[in-house]
1. Which order do peptides 18-28, 91-101 fall in by mean Cβ count within 10 Å, highest first?
2. If you average the alpha carbon positions of the range 173-214 and of the range 231-250, how far apart do those two centres end up, in angstrom?
3. Test of understanding: ordering Val83, Val379 by Cβ neighbours within 10 Å, fewest first, what list do you get?
4. Please enumerate, by chain and number, the lysines with C-alpha under 23 Å from the C-alpha of Lys117, excluding those fewer than 8 residues away in the same chain.
5. For the range 146-200, what class follows from the C-alpha gyration tensor (a ≥ b ≥ c being the square roots of its eigenvalues): rounded when a/c is under 1.5, otherwise prolate if a/b is larger than b/c, else oblate?
6. Could you check the spin-label model distance between Glu264 and Ala204? Points 7 Å from the Cα along Cα→Cβ, value in nm.
7. Residue separation times 0.36 nm, minus the C-alpha to C-alpha distance between Phe383 and Glu86: what's the value?
8. From the square roots a ≥ b ≥ c of the eigenvalues of the alpha-carbon gyration tensor of the range 264-315, which class results: rounded (a/c under 1.5), prolate (a/b over b/c), or oblate?
Amino acid sequence: MMASQAISAPPHVPADRVIDFDLYNFPVEGLEYQATMRRIFQSNPARVLWTPHNGGHWIVKNNQDVATVLADNDHFSSRRIMVTTEDQQRPPLVPLQLDPPHHAPYRALLQAALSPKAVGKLGDRARELSIELIEGFKRDGHCEFIGQFAQHLPIAIFMEIVGLPAEDRPYLTEVAETAMRGETEEIRNEAAGKLMMYGMAKVAERRANPGNDLISTIVKAEVEGKPIDDFPLTGMILLLLLGGLDTVASTLGFYAQFLATHPEHRRQLVENPELIANANEELLRRFPIAILAREVKADFTLDGITMKAGEMVLAPTPMDGLDEHKFADPLTVDFNREKPGANSTFGGGVHRCVGSMLARTELRIFLEEWLKRIPDFAVKPGFEPKVSARSVATITRLELVWDPASVK
Ligand code: HEM
């Protein structure tokens, strides 16, 4: 990936707050994306930092400041949610990129589709599919975890929610991956365009032929007294796809690499499956993948620094779960830790992840069904996995191996 052009600091940025940090191109130590980011930010003791990369932006780095930026909609807008100088050619993600009061009615529609009852049903489907996938390769003694497992699960669940045919799965997986992590801006925009076309075609189909799925429900719904236009409607579908796919797949990648390299933690869960629910929360705390950003809407002073309207501020979710003032010894994974779930891995404020219950369910099912069948596994010797990150950090490929005789 190209390093971003650094700009010079504007006069209201004190020199001691400047840090040389390029979000899309910093040297990750091994697979320790979150811990490396934390180390870099902690190398400067100030609460608020500024980097000249990616258009120049602020960075907040302790749990309270991350929470403030996410919760204060009067000063921070979600209109722009990435630090970038790129021209992103896709409709705004709805409701993610809408501020209050416009945000709530759209969110309510998605909330209904992701209610506890709906998640119960989707969880049953996720379990069937997880078992099917694992049974499919467990006797091989190896798999490429991301492509053969992690991406399949969330996309199949998305297809269930929106009532799309299973045969479109491979196409959507590939295009969504390119839209998120394609090599260049042009390639990413082209893939986002394809996703949009796909979404618009499905919207037209459901308008003509409504069913019981979420797209049909949204097509029929009214917001602020009128039907939803195609543009925000496509933005909603795109958000459900991108919001639920990449995040779950990436988190699964971090879970699998951690367990593959920590036999004692693995054994603990195999021997004490009742620990899995808390282990799931602890792994979510330790491996947050969302790097959020906001546009400053009205001047905001924090720690003696004034962030000016129109500037961008990074609110990295790992800086909450890995804040030592909130969680003792935060880099250590402890499946018995008390209340590991009180963190910002799923964001905060009005945009806090609407799919968090579904995500937790998918992740827990992975832990349960995988460890029951493949209790011992390792990263393939000689294979070096890499982390790639834009607004979501992900392990791009993960070759795992195990002894076929050890599977259950
Ligand atoms: C481990 C998995 C996941 C993680 C870590 C995650 C993380 C997040 C975060 C941090 C936000 C807030 C973004 C912001 O404030 O800018 C968010 C919002 C959202 N997520 Fe998730 N997410 C996950 C899974 C899912 C799933 C499975 C779905 C749906 C199927 C989903 C749908 C959404 C939607 C629709 C929003 C926007 C909510 C709003 O704007 O009100 N997410 N997610």
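All of the numbers you see were taken from the coordinates with simple rules; none came from a lab. In this text the structure is predicted, and so the values were computed from the model without any measurement. Glycine also receives a Cβ, built like all others from the backbone with ideal geometry; neighbour counts cover every protein chain displayed.
1. Values: 18-28: 16.0, 91-101: 19.7.
Highest-to-lowest ranking by the protection proxy: 91-101, 18-28.
2. 9
3. Lowest count first: Val379, Val83.
4. Counting by Cα, and skipping residues close in sequence, Lys117 has these lysines nearby: Lys220.
5. Note, shape of the range 146-200 comes out oblate.
6. Between Glu264 and Ala204, the label points sit 6.0 nm apart.
7. Details: separation 297, 0.36 × 297 = 106.92 nm, distance 3.31 nm.
That works out to 103.6 nm of additional length.
8. Prolate is the answer for the range 264-315, as a/c is 1.5 or above and a/b outweighs b/c.
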